[in-house]
Amino acid sequence: MRDVGALTLAYVLMLAVAAVTMDRLMIRTALAASLVFAVPHFFFHLTHLDGFSLSAAISQTVSLALGVLLPAALLLLARGRRLSDARGTARPAGGE
């Protein structure tokens, strides 16, 4: 087992900055980073269910799938939405 606590803290910091600033590029980057972690994590655990009861395997798989589906859905939504900057003015979804 490896200690990845510092990496996890950096990841949480990026998500927090995206949530607080609502900067379009930061949001998309944070969601993409979330998927970079969540997709292989999901497939690793999906292929390592030995020793789990059926209910534990199902609940783990569903919760990890949500960790993939939620950021993927939010990333798709972020592509077509207009976001407001800190001054309250709308800017195009493309960031122009």
- Query: What pairs can you find where one residue is in region 18-33 and more than 11 Å from LEU74 (Cα to Cα), the other is of a type in the set (Ser, Thr, Tyr), and their Cβ atoms are less than 8 Å apart, with a gap of 6+ or different chains?
  - Reply: ALA18/THR29; MET22/SER84; ALA33/TYR11
- Identity of the residue in region 1-39, within 14 Å of the chain's Cα centre (by Cα) and not hydrophobic (A, V, I, L, M, F, W, C), that ends up least open to solvent (accessible area, probe 1.4 Å): SER34
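The values are calculated or read from the model by the stated rules, or taken from the named source; none is laboratory data. All values derive from a computational prediction rather than experimental measurement. Positions of Cβ are backbone-derived with ideal geometry, glycine not excepted, and every protein chain shown enters the neighbour counts. Heavy atoms of the whole protein, side chains included, go into the accessibility calculation; ligands, DNA and RNA do not. Shrake-Rupley method; radii C 1.70, N 1.55, O 1.52, S 1.80 Å.
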